[in-house]
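Here's the structure we're looking at; comments come further down.
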Amino acid sequence: MRHERATLPTPKSSNSFWHSEPNEFLLGHRTTEDLPAEADIVIVGSGITGTSAARYLAEDERANGKSVVLLEAREACWGATGRNGGHCQPLLFDRGSEVAAFEMKNVDAVRSYIQKNNVPCEWREVSGCRTFWTEEVMKEAENEIAHLESIAPDLAKHVKIIKDKEELKKHRVSPDCVGATLTAGAASLWPYKLVTFILEKLVKDGRLNLQTNTPVTEITSSDGKHTLHTDRGTISAKTVVLATNGYTSAILPHFADLIVPVRGEMSALLPPKNSTLIPDSYGMVAALGQPSNNDDYLIQRPFDGVPNPKGHLMFGGGRGAGLPSIGVSDDTIVDEGAAAYLRSALLKVLELDGETQGLKELEATAQWTGIMGYSRDDHPWVGKVPDKQGLWLCGGYTGHGMPNTTLCGKAVVHMLLAEEAGEDLSTTQARMVDNADLPQSYFLTKERIERTRERFLTVQQQDEQGVHMNGVV
């Protein structure tokens, strides 16, 4: 079974709540009227990955004097980062201790930037409450946590298992739930506002040429240079970073089976009248008959101190109740089956307070879709594209980008600048692993591509067989 290539981002898209307060400076922004004919470095994609790469290039003295152009197919941050669930939650027992430590480090890096720059993006420190709705998925989580305790007790101490019904009640979880895990160090935020804050700062500081509404249709390479083709002309560069996540195979066809677009559903729901803020961010595993490999996810916006302070319940998932979503890169539609599930599910899985009597579903102020990039081996792909000198890739977060993307963007910048300075790539990567700058399992290598194709079912097959790939955006 082979996956078809992703399509390019559609010119229009469903209306994300996160875009309801757009950054006026960046709407339609083109730093120069014409597309430059060339640049030292071109980044494709203006989500958290591409923006982080641009930021770390601006902060690294090795890139001083280099011209950096960022191309975006739509408006700035109009893809997955502008459409996700607003989580920044490390998953500590899903993918190994090396990954868990990296995700915690990534959340710290995001927190640090927001606090240092006083970014108005509704950053809220919470615990991550993951609820499990069948004995089977609860047992699996307990086994994974026991393993983490044996190999990395310093990480395991951040995770607590809750099964007591009274304790679950404190976290507003329905008594029908089998159990939950509580993870310290999570947060919720308005991701679009963080990314556009960084982009606006880079552009105004003269460190970035941003070209929105400029989709890249293909890349051709010759004489050590890459030429990116757009409907506004071409731009050439020795170094290109693809921060294209679910859309990657539209430009790199041979990645079609490695990073697969998957459509996810999101909603902004009005809480019951006179209700109070829920204490945590939430994931729901196998709730209400949903497949155990399709998590639902929830954060809540503030009730005060921000524009439009209505405490919206930002709830996503419901993939098992909707249309087929694997291999879909069209986010123009709202999936009504998944949307209906999301409007009603919270009244069953949580003990919401306020006026809930007789309430069958919550009112949605916005419902939309976004395109995730599912990795065939469940790890992001970060590094140089094999046999393509100067072409770098950073994507494939399997719906779990916010706790990974900032430092993945930093890692790809470090690798490309080290290589430009004459350092052997494998030496750089070994040092990065030693310094916990990137997990070994994230590096993009020819060997990993071959191993993944040999050992792993396709993303479609894994989904059909219920293999757990974390769709927690």
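Of note:
- Among the residues of segment 252-279, those that are open to solvent by less than 40 Å² (accessible area, probe 1.4 Å) and not in a strand (DSSP E or B) comprise L252, F255, A256, D257, L258, P271, P272, S275, I278.
- Positions within segment 204-219 being hydroxyl-bearing (S, T, Y) and outside any strand (DSSP E or B), in sequence order: T212, T214
- Within segment 225-233, not a single residue is on the phi < 0 side of the Ramachandran plot, touching a His at 6+ places or on another chain (Cβ under 8 Å), free of Cβ contacts under 8 Å to residues at least 60 places away in the same chain and not β-branched (V, I, T).
- Of the criteria (1) within 23 Å of F93 (Cα to Cα); (2) touching an Asp or Glu at 6+ places or on another chain (Cβ under 6 Å), which one Q290 fails: (2)
- Among the conditions (1) within 30 Å of F315 (Cα to Cα); (2) open to solvent by less than 60 Å² (accessible area, probe 1.4 Å), the only one that I449 does not satisfy is (1).
- Matching residues in segment 344-372 - criterion: being buried (at least 19 other Cβ atoms within 10 Å of the Cβ) and either on the phi > 0 side of the Ramachandran plot or part of a helix (DSSP H, G or I) (or both): A345, L346, V349
- Residue that is in contact with a Leu (Cβ under 8 Å, 6 or more places away or on another chain), more than 30 Å from A286 (Cα to Cα) and buried (at least 20 other Cβ atoms within 10 Å of the Cβ), where the choices are L194, L208: L208
- Scanning segment 55-68 turns up one or more residues that are closer than 29 Å to Q389 by Cβ and in a strand (DSSP E or B).
- Test: D176 is part of a loop (DSSP other than H, G, I, E, B), acidic (D, E) and over 26 Å from the mean Cα position of the chain (by Cα): yes
- Number of positions in segment 117-133 that are closer than 20 Å to S281 by Cα and open to solvent by 20 Å² or more (accessible area, probe 1.4 Å): 7
- The helices (runs of 4 or more DSSP H) found wholly in segment 74-159 and carrying at least 3 residues that are closer than 15 Å to H400 by Cβ occupy 97-117.
- Scan of segment 327-343 for residues that are among the charged types (D, E, K, R) and open to solvent by 30 Å² or more (accessible area, probe 1.4 Å), ordered by number: D330, E336, R343
- Of all residues in segment 220-249, those that are assigned to a strand (DSSP E or B), surrounded by fewer than 21 Cβ atoms within 10 Å (Cβ to Cβ) and in contact with a Ser or Thr (Cβ under 9 Å, 6 or more places away or on another chain) total 9.
- Selection count, segment 287-326, where residues are assigned to a loop (DSSP other than H, G, I, E, B), open to solvent by 40 Å² or more (accessible area, probe 1.4 Å) and either within 17 Å of R130 (Cβ to Cβ) or in contact with a Cys (Cβ under 6 Å, 6 or more places away or on another chain) (or both): 2
- Scanning segment 389-427 for residues that are out of contact with any strand residue (DSSP E or B) (no Cβ under 7 Å at 6 or more places or on another chain) and assigned to a helix (DSSP H, G or I) yields T405, T406, L407, K410, V413, H414, L417, A418, E419, E420, S426, T427.
- Among residues of segment 191-224, those that are farther than 16 Å from S46 by Cβ, in contact (Cβ under 8 Å) with a residue 40 or more places away in the chain and within 27 Å of the chain's Cα centre (by Cα), counted: 3
- Only one of the numbered conditions (1) at pLDDT 95 or above; (2) in a strand (DSSP E or B) is not met by K201, and that is (2).
- Residue within segment 6-17 that is assigned to a helix (DSSP H, G or I) and either outside the structural domain of C408 (by the TED database) or aromatic (F, W, Y) (or both) present: yes
- If the condition is being open to solvent by 10 Å² or more (accessible area, probe 1.4 Å) and in contact with a helix residue (DSSP H, G or I) (Cβ under 6 Å, 6 or more places away or on another chain), then segment 382-429 contributes P386, L407, K410, E419, L425.
- Screening G316 against (1) modelled with pLDDT of 95 or more; (2) of a type outside the set (S, T, N, Q); (3) farther than 22 Å from E21 by Cβ leaves a single unmet condition, (3).
- Criterion violated by D387 - all others in (1) touching a Phe, Trp or Tyr at 6+ places or on another chain (Cβ under 6 Å); (2) at positive phi; (3) not aliphatic (A, V, I, L, M) satisfied: (1)
The values are calculated or read from the model by the stated rules, or taken from the named source; none is laboratory data. All values reported here derive from a predicted model rather than from experimental measurement. Methodologically, a virtual Cβ is constructed for each residue, glycine included, from the backbone with ideal geometry; neighbour enumeration extends over all protein chains shown. We work out accessible area using only protein heavy atoms, side chains counted, and drop any ligands, DNA or RNA first. Shrake-Rupley method; radii C 1.70, N 1.55, O 1.52, S 1.80 Å.
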